[in-house]
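Everything on this sheet refers to the single structure shown next.
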Amino acid sequence: MRTTLFIFFLVFLTSCTAEFEPIDYGHDACAFCKMTIMDKRYAAEILTKKGKTHKFDDISCLRKYIKDDNSETDLTIFVADYNNPDSKFLDARQSVYLHSELFKSPMNGDFAAFAKEENALPLRDSLHTELLKWENLN
């Protein structure tokens, strides 16, 4: 009996592990604007402390959702890497960003996330814009 109870407890614990949930492009809807998430370059996701995920089609939708919800401190925040949208999502707080209307993101937030400064520098120079950190996004 104890062994069965122990195994059940282990299965229960592993099923409650919170982690990134892949976005099903063309099917999943943005948690803020409700539009279908289509463009991999601007996608984002929030993972709450309780393990619930919220997916977004634009970094600006993500920021507005966080502002409305007032819960930024208890969240794990992921953003797509603009240069490598098919790769693993980035930690939003460790990423660097560029803002330009030339990005034409789904909800016109026009932010693009990059894993490292050096990955964003060529676009920064050609767009004549500044590198931004998570804290500086409006």
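Here, each number is a calculation from the coordinates, and none is a lab measurement. Just so you know, these numbers come straight off a predicted model, no measurement behind them. Here the Cβ positions follow ideal geometry from the backbone for every residue, glycine too, while neighbour counts run over all protein chains shown.
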Taking every alpha carbon pair in the stretch 20-136, what does the distance histogram look like in 10 angstrom bins from 0, in percent? 15, 50, 30, 5, 0
Of 116-126, 54-64, 92-102, ordering from highest average Cβ density within 10 Å down gives 54-64, 92-102, 116-126
Cβ-Cβ cut-off under 9 Å around N108, Lys and Arg +1, Asp and Glu -1: the net charge is -2
